[in-house]
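No value in this document is a laboratory result; all are computed from the given coordinates. Computed from a predicted structure; not experimentally measured. All Cβ positions, even for glycine, are placed from backbone atoms using ideal geometry, and neighbour counts span all protein chains on display.
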Amino acid sequence: MALGYAALALLGLQFLLTARFKLIALPFGIDLVYYVHRYLAIGGLALVTAHAALVAVRQPALAGLGAWPEPHVVAGIGAWALWSGLVLAALLRRQTRQHYDAWRRLHAAAAVLAYGAALWHVWASGRYLESTVDRALFAVSAGGWLALLAWVRAVRPAWVARRPWRVDSVHAETERVWSIAVVPVGHGGLRFQPGQFAWVTVRRSPWSMREHPFSIASSAERPARLEFTVKERGDFTRSVRRLAVGERVWIDAPYGCFSVDRHPAAPRFVFIAGGVGIAPILSMLRTLADRRDPRPLLLIYANDALAGAAHLAELLALSDRLDLRVVPVIKDPPPDWTGERGYVTRDLLERCLPRETRAAEYFLCGPPPMTEAVESALGELGVSPWRIRTELFDLV
Ligand SMILES: Cc1cc2nc3c(=O)[nH]c(=O)nc-3n(C[C@H](O)[C@H](O)[C@H](O)COP(=O)(O)OP(=O)(O)OC[C@H]3O[C@@H](n4cnc5c(N)ncnc54)[C@H](O)[C@@H]3O)c2cc1C
């Protein structure tokens, strides 16, 4: 029974973790919160499986074995089956090629059903819920969960719906990278820290659960015009080129803790970006330029091809307004290329990093293989992991 209650607590915690409460996500970053979500869900499944197995072995009658099970036992088995399906589907999402949006909606619906069934299973079985106090506590926690659902699915979208935005411009940065600018309709815009991201919904209502996360690429000093840099990857990102000026956009933001503003005392910053990972870093550089920040900055910007390096001309020009050195790294450069080539390796870092390597704050954003390789190379060069911030564009 204790295992069952522990599993119930873990399952309930999942809703809190994914409710986008800034207080929970801010100290760790949203990607870490989602990792914890994943591992707690697996841990919870192990607990509930052990609970079911123990009851089945020690008290088969209670588990409904040998006779037609009571409804609350069916609810318990249903919750366990749903939870197992949820975990399996999430772990195998890529291998089974499930469409992200469809998977996400099914995931949310199955989680609500599983938790509802688990609550009813516990309530109806009445174990350890004999006293009025126990029952009252249980009712309060179940009520808290319902309130959380109402907040996530009804109240927050309603708040987003009250602050609409419209598309102001759409233009190609490279063949597959687009800049989208949006402006507020009837409100003052958005206060955010440079490097934070937004959940963006287009052509759907804010209640549709069809939102995509994108880093805000514009300056935090210009809250009345947000810009996003979007790389074509799947259905949604391939459709942004067809956005029409004036079209309605919904924005739930700001989120994330990948920002220079969280390190006001840092003496210098080093940014390492790969491909569209430049988006949050561009926001930080644009903001620092608007603020005339005097601190020394280094940007290492890796791309497969020179033609694919979005915003490179603007980044180079920012050196006029900032103490900024830009090092473009091109994997397959044109024949006349005299700059860095290949990947961001330990050798390259050793060559480019300032002598005061240890005192800088590092911001990494790019494909996971790149960020992993750069993190370990920085470690070998003596940079403390506490000074390295990474933003991953993959939540699951
Ligand atoms: C914090 C954060 C910031 C990001 N910033 C940028 C950015 O500035 N520019 C940019 O081009 N991309 C960014 N991304 C990635 C971007 O969200 C995905 O590329 C986009 O959602 C893919 O959608 P799709 O339908 O085009 O592709 P799909 O083929 O449907 O999805 C490709 C992958 O993107 C992820 N994904 C898809 N839909 C969602 C969703 N609704 N919510 C979360 N993840 C999803 C999944 O891992 C999926 O496997 C960011 C992601 C995160 C988590």
How large is the charge dipole for region 260-391, taken about the Cα centre, if only the Cβ atoms of Lys, Arg (+1) and Asp, Glu (-1) carry charge, to the nearest 20 debye? 420 debye
Obtain the radius of gyration and the Kirkwood radius of region 206-245 from its C-alpha atoms and give Rg over Rh. 1.00
Starting from the Kirkwood radius over alpha-carbon pairs of region 249-293, derive D by Stokes-Einstein at 37 °C in a medium of 0.692 mPa s and give it in µm² s⁻¹. 272 µm²/s
Just to be sure I understand: with springs between alpha-carbon atoms less than 10 Å apart, which residue in 98, 196, 59 has the highest mean-square fluctuation in the Gaussian network model of the chain? 59
Region 1-106: projected area of the alpha-carbon convex hull, averaged over directions, in nm²: 8.1 nm²
Need the full-extension length gain, residue 305 to residue 106, defined as separation in residues times 0.36 nm minus the C-alpha distance. One decimal, nm. 67.8 nm
Taking R0 as 22 Å and r as the Cβ-Cβ distance between residue 376 and residue 221, the FRET efficiency 1/(1 + (r/R0)^6), rounded to the nearest 0.05, comes to 0.05
The chain: angle of helix 368-380 to the longest principal axis, Cα-based, in degrees nearest 10: 70 degrees
Distance between modelled label sites at residue 34 and residue 95, nm, 7 Å Cα→Cβ extension: 2.0 nm
Distance in nm between residue 395 and residue 172 label points, each 7 Å along Cα→Cβ, equals 3.1 nm
The simple spin-label model distance between residue 146 and residue 67, using points 7 Å out along Cα→Cβ, in nm, is 3.1 nm
Given R₀ = 35 Å, FRET efficiency for residue 191-residue 359 by Cβ-Cβ distance, to 0.05? 0.75
If I take every Cα pair under 8 Å that is 6 or more residues apart in the chain, average their sequence separation and divide by the length, what percent do I get for the relative contact order? 13 percent
So how tilted is helix 278-290 from the main axis of the chain? Cα-based, degrees 0 to 90, rounded to 10. 60 degrees
Ignoring solvent entirely, what values of log10 I(q)/I(0) come out of the Debye formula for the chain at 0.09 Å⁻¹ when each Cα is a single scatterer? -0.64
Per DSSP helix of 4 or more residues, -39500 (n - 2.57); summed, then divided by the residues of the chain. What does that give at 222 nm, rounded to the nearest 500? -13500 deg cm²/dmol
Report P(r) for region 218-301: all Cα-Cα distances, bin width 5 Å, range 0 to the bin holding the largest distance, values in whole percent. 3, 11, 20, 23, 19, 12, 7, 5, 1
Taking the Cα centre of the chain as origin, sum charge times position over the Cβ atoms of Lys and Arg (+1) and Asp and Glu (-1), and report the length of that vector in debye to the nearest 20. 860 debye
Using the Karplus curve 6.51 cos²θ - 1.76 cosθ + 1.60 with θ = phi - 60°, what ³J(HN,Hα) values do you get for each residue of region 138-143, in whole Hz, with x for Gly and Pro? 4, 4, 5, 5, 5, x
Quick one: grab the alpha carbon gyration tensor of region 34-173, order the square roots of its eigenvalues as a ≥ b ≥ c, and give me rounded if a/c is under 1.5, else prolate or oblate depending on whether a/b is larger than b/c. oblate
When averaged across all projection directions, what area in nm² does the alpha-carbon convex hull of region 277-347 cover? 5.0 nm²
Hull volume per residue for region 165-255, using the convex hull of the C-alpha atoms, in Å³ is 91 Å³
Convex hull projection area averaged over all views, region 260-391, Cα basis, nm²: 7.4 nm²
Tell me, how many Å apart are the Cα centres for region 193-231 and for region 364-391? 26 Å
For region 39-78, what does the alpha-carbon gyration tensor say about shape, rounded, prolate or oblate, given a ≥ b ≥ c as the root eigenvalues, a/c under 1.5 as rounded, and a/b over b/c as prolate? oblate
Rg (one decimal) and Dmax (whole number) from the Cα set of region 148-305, in Å, equal 16.0, 47
DSSP-assigned coil residues among GluC sites (Glu not before Pro) in region 207-288, each with at most 12 further Cβ atoms within 10 Å: 221
Going by Cα centres, region 291-358 and region 86-119 are how many Å apart? 41 Å
Can you give me the C-alpha center-to-center distance between region 18-69 and region 246-288, rounded to a whole angstrom? 35 Å
Which value, in debye to the nearest 20, describes the size of the charge dipole of region 165-255 about its Cα centre when Lys and Arg Cβ atoms bear +1, Asp and Glu Cβ atoms bear -1, and nothing else is charged? 220 debye
Does anyone have the angle between helix 71-91 and the longest principal axis of the chain? Alpha-carbon axes, 0 to 90°, nearest 10? 20 degrees
